[in-house]
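Visitor: Here's a structure for you.
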Amino acid sequence: MTAPVRSALRRSTLTRHGAGAALALAALYVLTTAAGPYRDLQIAQAAYLTCAVAGLTVLTGLGGQISLGHGAFMAVGAYTAALVIGHWGWPLAAVLPAAAGTTAVAGAVVGAVAARLHGPYLAGATLAFAVGLPGLANYEPLAGVLGGQNGLTIVPPVPPAALGETFPLERWQAWICCLGAVVTLFLLANLTRGRFGRTLRASRDDEIAAALSGVRVARLRIAATVVSAACAGLAGGLLAVVATLAAPGAFPLTLSLQLIAAIVIGGLGSLPGAVWGALILVYVPTWAADLSSSSGLSHNIASNLPLAVYGVVLIAVTLAFPRGVQGGLRGIGGAVRRRARGRRDRAPGSRGPAPSETSGPTTTHPGGADEATPDDTGARPDDRGDAGGRGERLRR
């Protein structure tokens, strides 16, 4: 990498994030092309969960607001996508923004209600939202519109003809979800690095000090809820596109709890940590299920083994990395760099620290402090000139 490119990346946050997004898209393209249909579906699932976890880590990790209702926000986005596709036949490029926008409106309502709540009261309010909203699909006046317990089916997205008639549908769905995840992370990274992110951290650290400095804390919390809800709505729309179904059974309370676990395991307030948390949510249960099916144990033990393995892995990750996976990796990288720097400083021929320049030789007092010795003339400061001596004696 040339020096001008490094300088541009160092100066401009937007350029640096844009380059990272381009590299991520290239890596995901190679990964999805080499993977099979099942792995493509897993990549798609990890991608749309990344959208939801990234929005939640902004709200909870940076804003300090506990939300147990993001599963309900995903349900709003999924049903919006299903209704728009089923009734109006909108293209996918318009469906996903519509899902995110509708959920953002719902987030504004919830945020306005919960703006003055803190701690367990806020958690209880969002918990009630997560439990009650998916149940509206079974409400008699809305069952005909929302499909009741069976939900709404969606026509799967057709890959463009330019990709060929045999292009796998799973790979196309993975591309759509990966693009949504990269765009979400790019926007959130630029948003949190600016004024919005700084004021959000200030209100989290000390709400009174932030209010005294001119920050409108209630309005800021509503804005954070809107941003986080829009990300969850996009994730719900992508889930509906991948699963071709929007049903209340896809958004239980456990989904909201899994999203909370993902931001804690990945690293609170860290967007790369959101990626780690989504990957753990997708791949650890699958790995545990494969382990139980190949273990040859009885049916009762094998059916409960994935949940036990999943719990053990989560506990082990939490104990090994108290600040999350991203925080642990950052700490390991810093330790490696410090050790490499220490070896380089101790290497033969390396230059040690430059000696400090003093006005003369120093003597040490009994207390340990160093003081410059008198110069060769033996004159004291108050003896160097009559005016200087009188002034010094007057000050004494």
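Visitor: Anything in segment 238-253 that is buried (at least 24 other Cβ atoms within 10 Å of the Cβ) and over 12 Å from M74 (Cβ atoms)? List them, or say none.
Guide: Of everything in segment 238-253, just one residue is buried (at least 24 other Cβ atoms within 10 Å of the Cβ) and over 12 Å from M74 (Cβ atoms), namely V241.
Visitor: Within segment 153-198, track down each residue that is under 30 Å from L41 (Cα atoms), touching a residue at least 40 places away in the same chain (Cβ under 8 Å) and of a type in the set (G, A, S).
Guide: A174, G180, A181, A189
Visitor: Name the one entry in A224, A262, A288, A235 that is modelled with pLDDT of 95 or more and surrounded by 19 or more Cβ atoms within 10 Å (Cβ to Cβ).
Guide: A235
Visitor: What number of residues in segment 255-303 are without any contact (Cβ under 8 Å) to a residue 60 or more places away in the chain and not aliphatic (A, V, I, L, M)?
Guide: 15
Visitor: Go over the candidates F167, F129 one by one and state the one that is aromatic (F, W, Y), assigned to a loop (DSSP other than H, G, I, E, B) and over 30 Å from T15 (Cα atoms).
Guide: Answer to the check: F167.
Visitor: Could you tell me which of the residues R330, R346, R323 is at pLDDT 55 or above, farther than 27 Å from V284 by Cα and open to solvent by 60 Å² or more (accessible area, probe 1.4 Å)?
Guide: Values: R330 fails: farther than 27 Å from V284 by Cα; R323 fails: farther than 27 Å from V284 by Cα.
Just a single option satisfies the conditions, and that option is R346.
Conditions tested, residue by residue: (1) within 18 Å of L239 (Cβ to Cβ); (2) modelled with pLDDT of 90 or more; (3) of a type outside the set (D, E, K, R).
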site: G71; (1), (2), (3): yes, yes, yes
site: A75; (1), (2), (3): yes, yes, yes
site: T80; (1), (2), (3): yes, yes, yes
site: L96; (1), (2), (3): yes, yes, yes
site: A106; (1), (2), (3): yes, yes, yes
site: V109; (1), (2), (3): no, yes, yes
site: L117; (1), (2), (3): no, no, yes
site: G144; (1), (2), (3): no, no, yes
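Visitor: I'd like to check something: does segment 378-395 contain any residue that is open to solvent by 90 Å² or more (accessible area, probe 1.4 Å), farther than 30 Å from L259 by Cα, modelled with pLDDT under 75 and touching a strand residue (DSSP E or B) at 6+ places or on another chain (Cβ under 8 Å)?
Guide: No, there is no match, as no residue in segment 378-395 is open to solvent by 90 Å² or more (accessible area, probe 1.4 Å), farther than 30 Å from L259 by Cα, modelled with pLDDT under 75 and touching a strand residue (DSSP E or B) at 6+ places or on another chain (Cβ under 8 Å).
Visitor: Looking at V131, V145, V110, which is the one that is in contact (Cβ under 8 Å) with a residue 60 or more places away in the chain, in contact with a Gly (Cβ under 8 Å, 6 or more places away or on another chain) and among the β-branched types (V, I, T)?
Guide: On inspection, the qualifying residue turns out to be V110.
Visitor: Of the conditions (1) closer than 23 Å to Y38 by Cα; (2) in contact with a Gly (Cβ under 9 Å, 6 or more places away or on another chain); (3) not in a helix (DSSP H, G or I), G249 fails just one. Which one is it?
Guide: If we test G249 against (1) closer than 23 Å to Y38 by Cα; (2) in contact with a Gly (Cβ under 9 Å, 6 or more places away or on another chain); (3) not in a helix (DSSP H, G or I), just (3) comes out false.
Visitor: In addition: Return the only residue of G144, G151, G101 being in contact with a strand residue (DSSP E or B) (Cβ under 7 Å, 6 or more places away or on another chain) and more than 24 Å from L281 (Cα to Cα).
Guide: G151
Visitor: In this structure, does P97 turn out to be open to solvent by 60 Å² or more (accessible area, probe 1.4 Å) and within 22 Å of the chain's Cα centre (by Cα)? It would help to see each step written out before you state the result.
Guide: Values: open to solvent by 60 Å² or more (accessible area, probe 1.4 Å): yes; within 22 Å of the chain's Cα centre (by Cα): yes.
Against the criterion (open to solvent by 60 Å² or more (accessible area, probe 1.4 Å) and within 22 Å of the chain's Cα centre (by Cα)), P97 qualifies.
Residue-wise test of (1) aliphatic (A, V, I, L, M); (2) closer than 28 Å to A224 by Cβ; (3) open to solvent by 40 Å² or more (accessible area, probe 1.4 Å).
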residue	(1), (2), (3)
G101	no, yes, no
A108	yes, yes, no
H118	no, yes, yes
A123	yes, yes, no
P134	no, yes, no
N138	no, no, yes
V155	yes, no, yes
T184	no, yes, no
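Visitor: Restricting segment 14-34 to residues that are under 20 Å from L169 (Cα atoms), among the hydrophobic types (A, V, I, L, M, F, W, C) and touching a residue at least 24 places away in the same chain (Cβ under 8 Å), which is least open to solvent (accessible area, probe 1.4 Å)?
Guide: Per the stated criteria, the residue is L28.
Visitor: Let me ask you something else. Which pairs have Cβ atoms under 8 Å, sit 6 or more apart or on different chains, and link a residue in segment 199-220 that is open to solvent by less than 90 Å² (accessible area, probe 1.4 Å) to one that is among the charged types (D, E, K, R) and not in a loop (DSSP other than H, G, I, E, B)?
Guide: Once the first residue is open to solvent by less than 90 Å² (accessible area, probe 1.4 Å) and sits in segment 199-220, its partners that are among the charged types (D, E, K, R) and not in a loop (DSSP other than H, G, I, E, B) give S203/R221; V217/E207.
The values are calculated or read from the model by the stated rules, or taken from the named source; none is laboratory data. This structure is a prediction, so every number in the text was calculated from the model and none was measured. In this analysis, Cβ positions are derived from the backbone assuming ideal geometry, glycine residues included, and neighbour counts consider all displayed protein chains. To get the accessible areas, we keep the full protein, side chains included, count just its heavy atoms, and leave off ligands, DNA and RNA. Shrake-Rupley method; radii C 1.70, N 1.55, O 1.52, S 1.80 Å.
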